[in-house]
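Have a look at the structure below before the remarks.
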Protein chains: 2
Amino acid sequence: MVTRPSAARPPQASSPRIVLRVDLPSGARVGPGKVALLEAIASSGSISGAGRALRMSYRRAWELVEDMNRYCPAPLVAAMTGGSGGGGARLTEQGASLVAAYRALERTAMNVCRAEVSELAELCGRVPDDCGQ
Amino acid sequence: MVTRPSAARPPQASSPRIVLRVDLPSGARVGPGKVALLEAIASSGSISGAGRALRMSYRRAWELVEDMNRYCPAPLVAAMTGGSGGGGARLTEQGASLVAAYRALERTAMNVCRAEVSELAELCGRVPDDCGQ
């Protein structure tokens, strides 16, 4: 199993945000790093481009794609070899569906869990005195 | 900001599980590692005992407690100094409330997101051929 991507910490949100990971009985773990990688592959058209966009090595990006494919009945990413650009990659229908399901999960969780998130924000949402100093 | 605890990977679940982290605008991040630490402090009665239970150094456990307290209007953990056992620690009312709010958030998310989780399990829930070999 490959560990999570060490992408840079995202900028601080202006409102509370739920970050989700789903652990499946198969051993697969679907979380923000892998989903961001799939989205970056879709937008850049290659695994190397996605890695660059996420400040991740090509090797690491490949490992994450391989790790996801191990657990999927159908590949999530289709690599296209050859061509003047040295090939590229795109999401398969299953890859796109996985991204959509994960983002839907995030939205649903955020919509229904506002009360619990507000309580957490009240208990642990103080801006430290030394911020910005 | 202190990074996440490097506790051992939990045993594989027999059903899908949502693991949540809440990122607050203050910069606080409330996730499974910190909540497990608070729970371990409550059950062991000390930060060192909690650290041992989670295979985390005393220093690391202290850093996580300090990190949480930075963002909280009231402390989550009360340390008791002195005594024959060298003092101990317990959760404050706020600490217990934070644990309860986080666990409620988990339950709510799991209850309302079954459809999305099932879709992820379908797309990425194959047990790899080499499992157990």
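Partner shielding of B:68-76 amounts to 4, given as the average count of beta-carbon atoms from other chains within 10 Å of each residue beta-carbon. Measuring only protein heavy atoms, the 1.4 Å probe finds residue B:126 accessible over about 80 Å². Ordering B:110-122, A:32-44 by mean Cβ neighbour count within 10 Å, with the highest value first, yields A:32-44, B:110-122.
The modelled label-to-label distance between residue B:103 and residue B:57, using points 7 Å beyond Cα along the C-beta direction, is 3.0 nm.
Normalised by the number of residues in the stretch A:34-104, the mean separation of alpha-carbon contacts (under 8 Å, six or more apart) gives a relative contact order of 32 percent.
The calculated FRET efficiency for residue A:114 paired with residue A:90, based on their beta-carbon distance and R0 = 30 Å, is about 0.25. Along the charge dipole of the stretch B:39-118, which of B:53, B:65, B:109 sits closest to the positive end, that is, farthest toward it, with unit charges on the beta carbon of Lys, Arg, Asp and Glu (+1, +1, -1, -1)? Result: B:53.
Estimate for me the total accessible surface buried between chains A and B (protein heavy atoms, probe 1.4 Å, no ligands or nucleic acids), in Å² to the nearest 100.
Values: alone 9030 and 9020 Å², together 13360 Å².
Chains A and B together bury roughly 4700 Å² of accessible area.
Going by accessible surface with a 1.4 Å probe and the largest first, B:57, A:46 read B:57, A:46.
Look at the stretch B:106-119: the mean tally of other chain Cβ atoms within 10 Å of its residues' Cβ atoms is 5. The mean number of Cβ atoms from other chains found within 10 Å of a Cβ in peptide A:27-36 is 3, as a whole number.
The values are calculated or read from the model by the stated rules, or taken from the named source; none is laboratory data. Because the structure is predicted, anything quoted here is derived from the model rather than measured. FYI the Cβ positions are ideal-geometry reconstructions off the backbone, even for glycines, and counts take in every protein chain you see. Accessible surface areas use protein heavy atoms only, side chains included; no ligands, DNA or RNA. Shrake-Rupley method; radii C 1.70, N 1.55, O 1.52, S 1.80 Å.
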